[in-house]
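The values are calculated or read from the model by the stated rules, or taken from the named source; none is laboratory data. The shown structure was predicted, so the numbers you read here are calculated from the model rather than taken from an experiment. Using ideal geometry, Cβ is built from the backbone for each residue, glycine included, and neighbour counts are taken over all protein chains shown.
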């Protein structure tokens with residue numbers, strides 16, 4: 001499954017927000033192969049979506065909003081939408097276009113009516129033809145479909161695959177989260193990936209293996225043969241002997257494992273490397289991208305601008321910007337290709353020179369200590 005477009009209005013911190021994950025023109029000699037649907041080569045989808053933004057620019061909120069939409073589609077629970085409504089006195093509108101590997105194109109529109117008057121959903125679907133583009137699909141969408149109660153409408157939805165990993169503070173109390181659905185025969189591969197991530201973060205770690213006593217638990221062994229036991233749901237701040245960055249190794253390993261096994265299709269990795277060395281973050285991200293299968297997407301948020309040096313298409317780099325307006329603030333989604341069409345330009349140089357006009361204003365910091 002590939003998500004093509006998302007729109008939010010009056011949802012969480014987003015108003016009149018549009019994010020497009022397609023690109024219009026086939027790239028020559030692109031460093032990232034197969035950025036299209038295998039059976040539908042003219043439907044071009046950005047596989048790698050690097051999201052950079054200043055503090056409080058909406059990176060985690062963006063992932064959280066998408067996650068709540070996916071949960072709503074899966075579980076048909078109104079609370080997944082109503083809990084994120086920004087202003088209950090206004091309608092909330094959400095739109096998502098996506099397509100599966102076999103060419104079933106879906107447009108889902110969610111309307112949460114003002115003052116808690118209920119949620120209606122409109123679902124329009126059609127089968128893609130071999131030469132279709134995204135724009136052609138949108139034009140062919142039927143116009144005779146009406147909004148209906150979400151319980152009825154969502155019966156038409158085929159379950160979607162997704163994997164979201166948020167910072168521990170966003171995931172419910174600093175909990176360690178990794179695959180609790182790993183099959184027995186898959187555990188050797190997961191342990192190998194887990195070990196490789198652990199040993200690059202901490203040279204005092206020797207190996208890791210699954211616990212035979214506790215389900216969904218692993219034993220980390222150090223070079224001095226001391227051991228620690230970790231389990232799914234453990235409180236990260238209570239895990240002893242691991243550094244702040246190393247504690248995130250399990251989350252990083254589970255994402256690498258799931259991508260390598262094509263388990264989910266849509267991956268959102270949010271701020272998992274805040275305590276991790278820049279070179280390690282870049283290496284892990286590069287491997288995640290290289291492991292992506294056909295019709296799969298990775299969304300990756302970071303503060304590390306060194307990632308802008310990666311050899312990726314210019315449209316892989318996105319920026320979230322919070323701007324003041326008459327109503328307060330608005331968050332905008334900007335793609336680097338909106339500013340620079342050439343694919344051989346070093347994005348990092350443009351960013352360092354504030355070409356995208358998104359650098360934070362740090363002058364108030366330098367005013368500290370100055371006389372009033």
Query raised in the report: How about the stretch 262-277: which of its residues are over 13 Å from residue 201 (Cβ atoms) and touching a helix residue (DSSP H, G or I) at 6+ places or on another chain (Cβ under 7 Å)?
Result: 264, 267, 268, 269, 270, 271
Query - Selection from the stretch 348-366 of residues that are outside any loop (DSSP other than H, G, I, E, B) and either touching a helix residue (DSSP H, G or I) at 6+ places or on another chain (Cβ under 7 Å) or surrounded by fewer than 10 Cβ atoms within 10 Å (Cβ to Cβ) (or both) - result: 348, 351, 363, 364, 365, 366
Query raised in the report: Any idea which of (1) more than 20 Å from residue 2 (Cβ to Cβ); (2) modelled with pLDDT of 95 or more; (3) surrounded by fewer than 20 Cβ atoms within 10 Å (Cβ to Cβ) is the one residue 291 doesn't satisfy?
Result: (1)
Report summary line: Those residues of the stretch 197-242 which are within 17 Å of residue 272 (Cα to Cα) and part of a strand (DSSP E or B) amount to 235
Query raised in the report: Within the stretch 8-19, can you find the residues that are surrounded by fewer than 19 Cβ atoms within 10 Å (Cβ to Cβ) and closer than 17 Å to residue 318 by Cβ?
Result: 18
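Residue by residue through the stretch 329-346, note down the ones that are modelled with pLDDT of 85 or more and closer than 25 Å to residue 6 by Cα. Please lay out each step first, then the result.
Initially, the stretch 329-346 is screened for residues modelled with pLDDT of 85 or more, giving 329-340, 346.
Within the stretch 329-346, 329, 330, 331, 332, 333, 334, 335, 336, 337, 338, 339, 340 meet the criteria.
Tell me which residues, restricted to the stretch 82-100, are touching a strand residue (DSSP E or B) at 6+ places or on another chain (Cβ under 7 Å) and touching a residue at least 40 places away in the same chain (Cβ under 8 Å). Lay out the reasoning, then the answer.
First pass over the stretch 82-100, keeping only residues touching a strand residue (DSSP E or B) at 6+ places or on another chain (Cβ under 7 Å): 82, 84-86, 91-99.
The answer is 84, 85, 86, 91, 92, 93, 94, 95, 96, 97, 98, 99.
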Query raised in the report: Restricting attention to the stretch 1-29, which residues are under 16 Å from residue 298 (Cβ atoms) and more than 16 Å from the chain's Cα centre (by Cα)?
Result: 23
Query raised in the report: When residues of the stretch 328-347 are filtered for being touching a strand residue (DSSP E or B) at 6+ places or on another chain (Cβ under 7 Å) and in a strand (DSSP E or B), how many remain?
Result: 7
Requested in this report: Identify the single condition in (1) surrounded by fewer than 22 Cβ atoms within 10 Å (Cβ to Cβ); (2) under 22 Å from residue 198 (Cα atoms) that residue 322 does not satisfy, given that it satisfies every other one.
Outcome: (2)
Requested in this report: Answer yes or no: is there a residue in the stretch 50-66 that is modelled with pLDDT under 95, within 30 Å of residue 310 (Cα to Cα) and part of a strand (DSSP E or B).
Outcome: yes
